[in-house]
Amino acid sequence: MSSMAGPARRSAVSTTTEFGDVQTKGGALSPWRLAWRRFVRHRMAMVGAIILLLLILYVVVGALIFSEAYANQTATFKRLQGPSWEHPFGTDPVGRDVLARTIYGGHISLSIGISAMLVSVVVGVLIGAIAGYYGGAIDSILMRFTEAVFNIPSLFLLIVMAKFFSGRIPTVELFGRSFSGSVIVIIVVIGLTSWMYLARIVRANYLSLKEREFVLAARCLGVPNRRIILFHILPNTLAPIIVTATLGVAAAILSEAYVSFLGLGVQPPTASWGNMLDGSYVYLESAPWLWFFPGLLIVLTVLSINFVGDGLRDALDPRSLTK
Amino acid sequence: MSSKSRTRHFGLVAVLLLLAFALSACPAQPVAPVQPPSEAEPPSLVTITFVQEPDNLSPLYTTMWFSGILNDFWLLGLWNFNDNLEPTPQLAREIPSAANGGISEDGRTITIHLREDARWSDGTPVTAADFVFTYEMIMDERNAVISRHPYDQFVAGVEAAGDHTLVVTFHEPYAPWLSSIFTYVLPKHILEPVMKANGTLDGADWNRNPTVGVGPYVFKEWESGSHLLFERNPNHWQQPNIDRIFIRITPDDAAQVAAIKAGDTDIGVFISFSDVPELEALGTVNVVSTPSGFMEGWFFNFGEQAHPAIRDRNVRWALAHGFDRWQITQDLLLGLSEPPASPWDLSPYASPNIQPVPYDPERAAQLLDEAGWVMDADGVREKDGEKLILRYVTNMRRLRLDTQVVVQDMFRDLGVRFELINHPSDIFFASYAEGGVIATGQYDIAQWSSQPEAYPDPDTSRWTCREIPTPDNPAGSNWNFYCNPELDELFARQAVTVDMEARIALFEEIEKIIQEDMIWLGVWQDNDIWTVSKRLSNVRLSGADPFWNAANWTLE
Amino acid sequence: MTRYIIRRILQAIPLLFIISVILFALMMNMGDPLATLGGRQPPRGEDRLRLARQLGLDQPIYMQYIFWLVGNDWMRFDTTGDGVPNTYGTRRGILRGDWGTSLVTRRPVVEMIWQRLPNTLLLMGTAQVVIIVFSLAIGIYSALRQYSITDHVITTGAFIGYSMPIFWLALMLMYIFAVNFKKWGLPYFPTVGMYDPAVGRTFSQVVWHMALPVATLSVTAIAAYSRYIRASMLEVINQDYIRTARSKGLPERFILWRHALKNASLPLVTLIGLDLPLLLAGAVVTERIFAWPGMGRLFLDHVERADYPVLMGILMLVSIAVVVFQILTDIVYTYLDPRIRYS
């Protein structure tokens, strides 16, 4: 187990407060503000944030220009047309506008990235916190399970789980739009295959934090365990969670792309950047615009999120000060 | 210091570039795959590309199409079907008929006379005992064979009356006998010892390395993921013109098309519709389309789980009128196919009096209105508070996914919505016991390609009442859950009607009911498309047994 | 140390057991392996019922798991369908070395994996060498020139490489080096397979076919590894003993290779140790796109058909490799860093 526990990382904020009250009065020395200052000075993080902002603008403003009906409108007589003024990104094998589909596909890919990250954070924090806080048999059972899931290469697990859940959830209506049930499936599946790393970090933090005075004091005052886990310790371990979660969004977007590329992901007519690439390699030579644009958007998104995540890590990790 | 290490860095790049060029400087040198024999002329070779690798070669253990079509090279049956879908004798001397005494008067006994000069590739004569052995192996409980059709339900017994006479007895007259009995035969002298030793043929080496067979060619080698090789069989009664058949396995359509373009293959198999124009333009190959009996169609669900609208005949007709299938065949299939009028389209059993339902959106709207499904404010038709949203299910074939979204768009103005659902084939076609999507009726419209069970024979049990799957009858094949005693009666009669003219007349009535009741709607004729190199002649591909005349192929 | 290793191995046993249970439960509900046996048309209902009985697919999941684990030759089965058990099973179970038989090809799973394993190892091993060489070169170079323009370019490049979906990179490489090179009349790379079957499995053919998949696999990993190496090099370079070495006037190159690199390679060892078993898994996507006949493609081909014996075989093999390499990594670590002791 020695390789697993790792050194209990000290989070940036843990030393300053008791009872998990992170709001420090007086301003100047607040660790969060310090972190923010470090973040805005991080050049790559700012570049990433700007690209990300532009991408979000692209999908938001794009949706105002092109309707979803237009994105799903087929015109088989003009299938597989190259980029033109009318269709800047060309048309697909049933004559839909690729540009409009990358906009609506972006909604799906980004939502999947964020939602899957939330699922994995909830699962990871829950398992890590319970294991770290209670210790003993609960800890060793949960960590065995974590290690077991960790040991199966994630793409394999993703494929098997995607197949396991596929087609079990009907189309859902949300915000007046209908989504293929496969979107939900993919969110759950990606979330359930990516929580292990976070669970370990959270567990390690809880292991060290639960022995600290403010937790012991809370216990003496009779604060229930659930409250201690959620309101006393959790805020003190937020920094690594934030960093992992940010990078998790990028990883989830990539995972969605992989599964969809293999045909097991988001199902038509709902577009996602990943499923726009599915089957497009048949057109490697004859219609490169089919795979070039969605792929480029994936790269840009993942890249900018990674930049931001890297900046957050440097900003929130006090060790980065020494560099 | 910095400049020094920069030079080092450039050095590294240079080495890598050199390496890359060195690699690129050794292009592939095409050589014959096997060393030519000592004779003066190198062996002639025909290359065929397969986009799927056979699971194995024994017809006992696979009914996969890519495996089955190889049988005409190395494992013949009694007869096979030529490019006009007429039976052509192979191991049988002639096709049994009432005239030549092959069919008994009650129609239950078929007597087949075998060729006396037929030899296994190791020289052992092929006798009636091999056929009896084949029958026993198919029926043996210890062999987990893929299909026992038709032996388990229809055949009463198989006997050898002498070395070269085979007698097959049926429980009652069985019209599809011609296309279903002994499409292959097993070498008793090879497999009987294996059966005795192992108690089963399941793991027999012969299934994968069938070095003994009967046909113009004999199996030589199989390298998984790469190729299969067949060589001229010196013991066959007719010596083929070409020495070797090389089956090259390509991973996908794109690779096959590339091989065809490069002239690396003589016969391309299972070509996508969308690749045809490009291949026709080459000028080096002929594109051939063979009717395979497969018809892509919509299966409507009559079961309890179906949307109430689907069980209304008017709504089904409205869907047929509203579905412009010509748009699919013209644009997505590039005009290479037509919407079929019946499941037996392009066969002698297709009645000329049955025409495809025409595209007529106005009539469709009218029918929907009459059925009480009226347009709502949100543009979706509604009746008794239920919206007209139908589950349209299919599997992952690209063309089907594309059809789904085109259809969804096509019906938008008509006020019909579709919920598009697609599953991988192993879930789509899962059995009733496994909770299969289609088998348990969790759909309104299902689209796939179907073929009569014993093509080219038209017989099918797909739409009979007794085939409706239930907990007591989980094997049922009527996944439409359609029941009509009148249709049952017609199907029962055609199955015992051996006279072809009478059978065609029965099928006309069957097709009429299928269309009038709108059980099934044809979307496109799912023909098999091939390319045949112009240096090959006399390749007469058949929709049933494509390589039936392989021994007659010639190479220029 | 020996006691530590033994303890780790003992701990691995329940771990692998849990993995197998999780995977088996998922596999059992993944699809109907009999559905695709007929190829273009599902097999007849009667045949499917009989096959399910003969292949043991009609048994409850826990029984199927037990058969997979310890075999079924101790139990009688009803093969005739009359409800009376009459024949003993023939499977011996994975614990007794029987990995089962593929439901679709009817060949032993071990044989099928064995046929693909060398291909995957070849592809991945080559990629791994390329990765180590390049990431060391790039990592060290950019560490030595921290904050220079080259360093920034490399860092950005690493982020881009790391953010790129493998399949998109593969498509780009194919488009440039196969499609367009061909158009421009340059020597172009083949895009599919391991060798041209008309030529045969010659050395030059395999190398030629391996170029693009290896490049695809390497880029992402080089991007990630070189970042780690850069970071750990920076950490090491600023440590006292390097300063001491410098002040002693030792040649820079000597310091770099003898002192710094050895210590900076620690994280690399961990990374490689944890990533090596994934080699067995093959980069599923890469093998799919380049049609490389390795384990990844075997996995995908059989996932499509819910052929659970093959899938279980591949996944258990990979899981065992993961566990073994974790232990090996720990051992190697102690040799590289004597400060680490396991008790």
Q. Can you tell which of C:Ser247, C:Ser265 is under 30 Å from A:Asn151 (Cβ atoms) and open to solvent by 20 Å² or more (accessible area, probe 1.4 Å)?
A. C:Ser265
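Report yes if B:Arg108 is touching a Leu at 6+ places or on another chain (Cβ under 9 Å) and open to solvent by 30 Å² or more (accessible area, probe 1.4 Å), otherwise no.
no
Of the residues B:Arg108, B:Arg115, only one is modelled with pLDDT of 95 or more and of a type in the set (D, E, K, R); which?
Just one listed residue meets the conditions, B:Arg115.
Do we have B:Ile138 as assigned to a helix (DSSP H, G or I) and at pLDDT 95 or above here?
Numbers: assigned to a helix (DSSP H, G or I): yes; at pLDDT 95 or above: yes.
Yes, satisfied.
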(Q) Condition check: surrounded by 12 or more Cβ atoms within 10 Å (Cβ to Cβ), modelled with pLDDT under 90 and either of a type in the set (A, V, I, L, M) or closer than 30 Å to B:Ala129 by Cβ (or both). Does B:Ala20 satisfy that? (A) yes
Q | Residues located in region B:72-119, provided they are assigned to a helix (DSSP H, G or I) and among the aromatic types (Phe, Trp, Tyr) | A | B:Phe73, B:Trp74
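Of all residues in region B:431-447, count the ones that are open to solvent by 10 Å² or more (accessible area, probe 1.4 Å) and not β-branched (Val, Ile, Thr).
Residues meeting the conditions: 6.
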Q: Determine whether region B:237-259 contains at least one residue that is β-branched (Val, Ile, Thr), open to solvent by 10 Å² or more (accessible area, probe 1.4 Å), more than 21 Å from the chain's Cα centre (by Cα) and more than 14 Å from chain C (Cβ to nearest Cβ).
A: no
Q) Within region A:259-275, which residues are open to solvent by 10 Å² or more (accessible area, probe 1.4 Å) and either within 11 Å of chain C (Cβ to nearest Cβ) or in contact with a His (Cβ under 6 Å, 6 or more places away or on another chain) (or both)? A) A:Leu262, A:Gly263, A:Leu264
Q. Does region C:225-244 include one or more residues that are open to solvent by 30 Å² or more (accessible area, probe 1.4 Å), closer than 23 Å to C:Trp168 by Cβ and at pLDDT 80 or above?
A. yes
Q.
Out of B:Asp384, B:Asp376, B:Asp369, I need the residue that is away from chain C (no Cβ under 14 Å) and on the phi > 0 side of the Ramachandran plot. Which one?
A. B:Asp384
Q: Give the residue, chosen from B:Asn478, B:Asn538, B:Asn527, B:Asn484, that is within 30 Å of B:Leu45 (Cα to Cα) and without any contact (Cβ under 8 Å) to a residue 60 or more places away in the chain.
A: B:Asn538
(Q) For region B:359-376, give me the residue count where each residue is open to solvent by 60 Å² or more (accessible area, probe 1.4 Å) and either β-branched (Val, Ile, Thr) or touching a Phe, Trp or Tyr at 6+ places or on another chain (Cβ under 9 Å) (or both). (A) 3
Q.
So C:Pro60 ticks every box in (1) crowded, with 19+ Cβ neighbours inside 10 Å; (2) more than 8 Å from chain B (Cβ to nearest Cβ) but one. Which box is left unticked?
A. (1)
Q) Looking at region C:13-34, which of its residues are at the interface with chain B (Cβ under 7 Å from one of its Cβ atoms) and free of Cβ contacts under 8 Å to residues at least 12 places away in the same chain? A) none
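Hey, among B:Gly213, B:Gly162, B:Gly225, B:Gly157, which residue is touching a Ser or Thr at 6+ places or on another chain (Cβ under 7 Å) and either of a type in the set (A, V, I, L, M, F, W, C) or open to solvent by 10 Å² or more (accessible area, probe 1.4 Å) (or both)? If you could, list the steps in order and put the result at the bottom.
Values: B:Gly213 fails: either of a type in the set (A, V, I, L, M, F, W, C) or open to solvent by 10 Å² or more (accessible area, probe 1.4 Å) (or both); B:Gly162 fails: touching a Ser or Thr at 6+ places or on another chain (Cβ under 7 Å); B:Gly225 fails: touching a Ser or Thr at 6+ places or on another chain (Cβ under 7 Å).
Going through B:Gly213, B:Gly162, B:Gly225, B:Gly157 in turn, just one is touching a Ser or Thr at 6+ places or on another chain (Cβ under 7 Å) and either of a type in the set (A, V, I, L, M, F, W, C) or open to solvent by 10 Å² or more (accessible area, probe 1.4 Å) (or both): B:Gly157.
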Q. From the set of residues in region B:186-208 that are within 14 Å of chain C (Cβ to nearest Cβ) and open to solvent by 60 Å² or more (accessible area, probe 1.4 Å), which is nearest to B:Asp117 (Cα to Cα)?
A. B:Asp205
Q: Please work out which one of (1) surrounded by fewer than 22 Cβ atoms within 10 Å (Cβ to Cβ); (2) closer than 30 Å to C:Thr120 by Cβ is the condition C:Phe254 fails and give its number.
A: (2)
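One line per residue, one yes/no per condition, for (1) more than 13 Å from chain B (Cβ to nearest Cβ); (2) crowded, with 16+ Cβ neighbours inside 10 Å:
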site: C:Leu37; (1), (2): no, yes
site: C:Gly45; (1), (2): no, yes
site: C:Leu49; (1), (2): no, yes
site: C:Arg53; (1), (2): no, yes
site: C:Val70; (1), (2): yes, yes
site: C:Tyr88; (1), (2): no, no
site: C:Gly100; (1), (2): no, yes
site: C:Glu111; (1), (2): no, no
site: C:Thr120; (1), (2): no, yes
Q: Return the total of residues in region B:377-424 being open to solvent by 50 Å² or more (accessible area, probe 1.4 Å), basic (Lys, Arg) and in contact with a strand residue (DSSP E or B) (Cβ under 8 Å, 6 or more places away or on another chain).
A: 4
(Q) What's the number of the only condition in (1) at pLDDT 95 or above; (2) crowded, with 16+ Cβ neighbours inside 10 Å that B:His149 fails to meet? (A) (1)
Q: Only one of these is open to solvent by 20 Å² or more (accessible area, probe 1.4 Å), at pLDDT 90 or above and either among the polar types (S, T, N, Q) or assigned to a helix (DSSP H, G or I) (or both): A:Leu296, A:Leu230, A:Leu303, A:Leu290. Name it.
A: A:Leu296
Q) Is it the case that C:Leu136 is more than 10 Å from chain A (Cβ to nearest Cβ), open to solvent by 70 Å² or more (accessible area, probe 1.4 Å) and of a type in the set (A, V, I, L, M, F, W, C)? A) no
**Q.** helices (runs of 4 or more DSSP H) wholly inside region A:1-73 containing at least 3 residues that are at pLDDT 50 or above and surrounded by 16 or more Cβ atoms within 10 Å (Cβ to Cβ)
**A.** A:31-41, A:43-65
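The values are calculated or read from the model by the stated rules, or taken from the named source; none is laboratory data. Keep in mind that what you see is a predicted model, and the values were worked out from it rather than measured. Don't worry about glycine lacking a Cβ; one is built from the backbone with ideal geometry, like all the others, and counts go over all protein chains shown. Only protein heavy atoms, including side chains, enter the accessible area calculation; ligands, DNA and RNA are left aside. Shrake-Rupley method; radii C 1.70, N 1.55, O 1.52, S 1.80 Å.
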